[in-house]
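The structure appears right after this line, and notes come after that.
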Amino acid sequence: MILLIAAMKPEADPLIRFYRLKKDMTVTAFPVFRSDSVALVISGTGKLRSAAAAAMLLTMYDARKDDTLLVNIGFAGSRTRSAAPGQLFIVHKITDADTGRDYYPDVLPESGLPRAELTTYPRPVFEPPEDSSAEDSGDRVLLADMEAAGIMESSARFLETQQVLILKVVSDLLSPDGLTADVLKGYMDDRVSDLAKIIQTVYEENGRYRKELFAEETAKLLDVCQMHKFTRDMTRQLERILMKVCLSGGDAMPVLDEARTFTVFTKTEGKRVFEHIGCQLEKRIV
Amino acid sequence: MSTSDASSKSALFSAIYIENAARDYPATRAVLEKYPELPRIPVRRYRDVFNRPRQNLLWQKDHRALILAVKEPPFLYPGPEVCQDFGADKFFYTSFLLGCPFRCDYCYLQGMYPSSYVTAFVNLEDFKGAIDDELARAPRENLYLALSYDTDLIAFDPVFPYLEELYPFFAAKKNLTAELRTKSANTAFFARYPASGPLVAAFSLAPDEVIRRTEKFTPSLDARLRTIRAAQDAGYSVRLCFDPVFVGAEYDALYEPFFETVFSRIDPEKVSAVSHGFFRMNRTFFRRIRKERPDSPLYLTDFPKSEDIVTYDEQLAGAVRERHLAVLSRYIPKERIFIV
């Protein structure tokens, strides 16, 4: 599942249109829009709201499953003159200006996007603030926003470090003169297909590193174990043999199907069935 | 990108994290000059990146980043009992790097470190000072120092040549044996740093089938044997490490022909020692890796239940060891074969 967080409507609208998302009327805490594979929440501005919205999405969509990608898409002010308004960056370091804490999402090199560092401030910033690291920033691009640190803090409790993506479109150089809703909408409209491409690339690449292997077989085995009231240790032993079968390219399904037809009344019968299943699975290792 | 060694091509890393304290060290400057195009990410403390919770080690192995950092004491660690000290009075190891350029299935680092990004320590003078102190503490005792204990310095040499600094430092040392252990095929390394003073080269070898199954991105047996010959030609005293050895129906037939192959290609007279050890791992690390590596059959193996170390049943291992030693002792005198 791809979970998107945008702070404001102008940031969210192009994505809602692109992914053809429909408003989920059952959720009232935040506006949520969704399809079968993508959900988007409009969090409002500020890191507390973004953290709450991220936690809500991650809980709603059972983010402990390892096919989740959480993406923050939004505008950021730039403290670096070379970063032009409308330019899209992938963020590899986020600093919470309040706490001084740094967050480092693992960034996919194949994204091909220029990278930036980002500081999350508690209020809008209109001029480059004092920052000791700015003087030796070299070619680094330094951005400012109000949400990303909240999303990082929240996601760290649910996701692995490569499952969070912070994408920022430069809105201004910390001097929002002449910045209108139409201008912002234009920046986001221009970038939406790039954004979708990056998100898809990262989502697919992360898919190669999922730890839930052979989900169908595992689910069936767990069902069998529950049915016959096997202990945790017995279940683990069978899971290991099942993995060996699957990794070797063997077909475990006939054994699991047969196992569901057994009836167990006593502990001794349960043990016998357990040994029978283990033995039959071992035979399926190719 | 060559998968045999840490190539000098920047594609090897996707970014460099630089600890603030490491910024002004010559080693840091050298690495940054070598990779000017890579994104640089300043970090307050290297642990802020290295120790993050919920890192995916396999993802990181395939999308590598480098961390440059300053090591705090201690710089030398006592060698563990499960490792061979080759009869030295004192056995220490040191870690110039955290993590390894290679990706071996059986590597305990997967259970020990929360990250697989390689951390390179840049304060070499501090390491040298610690080695001097240890030598001065008991000048008559022989110190065995493993330089590549849980990494591969020779494979990392194209990224940063630690030996360029250490080579002249070690040259004059007495009562020291400094072991460089490697799986690398970096023949140029041995041409550049011919045998000198206390340096010995140790090569981890395995049958090609074991390399293919468990030592991803490492050089083939053939490439390693060529490198051993290059090291011997450069005057090195060479040690061969048959470690870890695996036991099981799919492995048992591989080792004896493999030993024959090795000694048909390498002059046994120029081999100073051989070590032989079965796969073994700290139980906590093993459990941790089992969760992280559901794709690896090694961690699905049912090893005998024991307190701390996961390894093969002693009776089973003993029988295999006997067969292996019978072959090895045809080439190397028994007193030069060390069992781990």
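A few notes on this one:
- Two-decimal Rg to Rh for region B:27-165 - Kirkwood Rh, Cα set: 0.98
- Radius of gyration (Cα atoms) of chain A, expressed as a multiple of 2.2 N^0.38 Å: 1.28.
- For region B:169-307, the mean projected area of the C-alpha convex hull, equal to one quarter of the hull surface, is 10.4 nm².
- Couplings 3J(HN,Hα) for region A:97-108, derived from phi with the Karplus relation 6.51 cos²θ - 1.76 cosθ + 1.60 (θ = phi - 60°), are 5, 6, 9, x, 6, 9, 10, 10, x, 7, 9, 5 Hz, where x marks Gly and Pro.
- With the whole protein complex present, residue A:172 retains an accessible surface near 20 Å², based on a 1.4 Å probe.
- The heavy atoms of residue A:18 present about 100 square angstrom of accessible area, all protein chains included, probe 1.4 Å.
- Residue mean of other protein chain beta carbons inside 10 Å, A:157-164: 4
- Packing rank of A:144-153, A:29-38, B:145-154, where each peptide gets the mean count of other beta carbons within 10 Å, highest leading: A:144-153, B:145-154, A:29-38
- Percent of C-alpha pairs per 10 Å bin in the protein assembly as shown, short distances first: 3, 14, 22, 21, 18, 13, 7, 1, 0.
- Ranked order, B:187, A:28, B:28 - accessible area, probe 1.4 Å, largest first: A:28, B:187, B:28
- Per-residue Karplus couplings for region A:245-255, computed as 6.51 cos²θ - 1.76 cosθ + 1.60 with θ equal to phi - 60°, are listed in order as 4, 5, 5, 7, x, x, 9, 8, 4, x, 5 Hz, Gly and Pro entered as x.
- In this structure residue A:255 has an accessible area near 10 Å², from a 1.4 Å probe over the protein heavy atoms.
- Test item: Cα-centred dipole of region B:49-178, Lys/Arg +1 and Asp/Glu -1 on Cβ, debye: 280 debye
- Cα coordinate range in region B:274-335, projected on the principal axes (Å, largest first): 42, 21, 17
- The mean count of C-beta atoms from other chains within 10 Å of the C-beta of residues in B:296-309, rounded to a whole number, is 2.
- Inter-probe distance in nm under a simple model that places probes 7 Å from Cα toward Cβ, at residue A:196 and residue B:140: 8.0 nm
- When the Cα convex hull of region A:132-270 is projected onto planes of every orientation, the mean area is 15.3 nm².
- Largest to smallest accessible area among B:258, A:262 [probe 1.4 Å]: A:262, B:258
- Taking the Cα centre of region A:1-85 as origin and assigning +1 to Lys and Arg Cβ atoms and -1 to Asp and Glu Cβ atoms, the resulting dipole is close to 320 debye.
- The residues of chain A have, on average, 48 Å² of accessible surface per residue, using a 1.4 Å probe with all protein chains present.
- The H on the amide N of residue B:310, modeled in the peptide plane, is under 5 Å from the matching H of B:281, B:282, B:283, each at least 5 residues off or on a different chain.
- Tilt relative to chain A, helix A:181-207 - C-alpha long axis, 0 to 90 degrees, to 10: 30 degrees
- Formal net charge of residues neighbouring residue A:32 (Cβ-Cβ distance under 12 Å; K, R +1; D, E -1): +2
- Within chain B, antiparallel bridges make up roughly 20 percent of the DSSP beta bridges whose residues both belong there.
- Separation in nanometres of the label points that stand 7 Å from Cα toward Cβ, at residue B:89 and residue B:272: 1.8 nm
- Antiparallel DSSP beta bridges within the protein assembly as shown, as percent of all bridges there, nearest 5: 25 percent
- In nm, spacing of pseudo-spin labels at residue B:23 and residue A:98 (7 Å Cα→C-beta vector): 2.8 nm
- Gyration tensor analysis over the Cα atoms of chain B returns equivalent ellipsoid semi-axes of 30, 25, 20 Å (largest first, whole Å).
The values are calculated or read from the model by the stated rules, or taken from the named source; none is laboratory data. Values in this document were obtained by computation on a predicted structure and should not be read as measured data. Cβ: placed from backbone, ideal geometry, glycine included. Neighbour counts: every protein chain shown. Accessible surface is based on the protein model in full, side chains and every heavy atom, while ligands, DNA and RNA are left aside. Shrake-Rupley method; radii C 1.70, N 1.55, O 1.52, S 1.80 Å.
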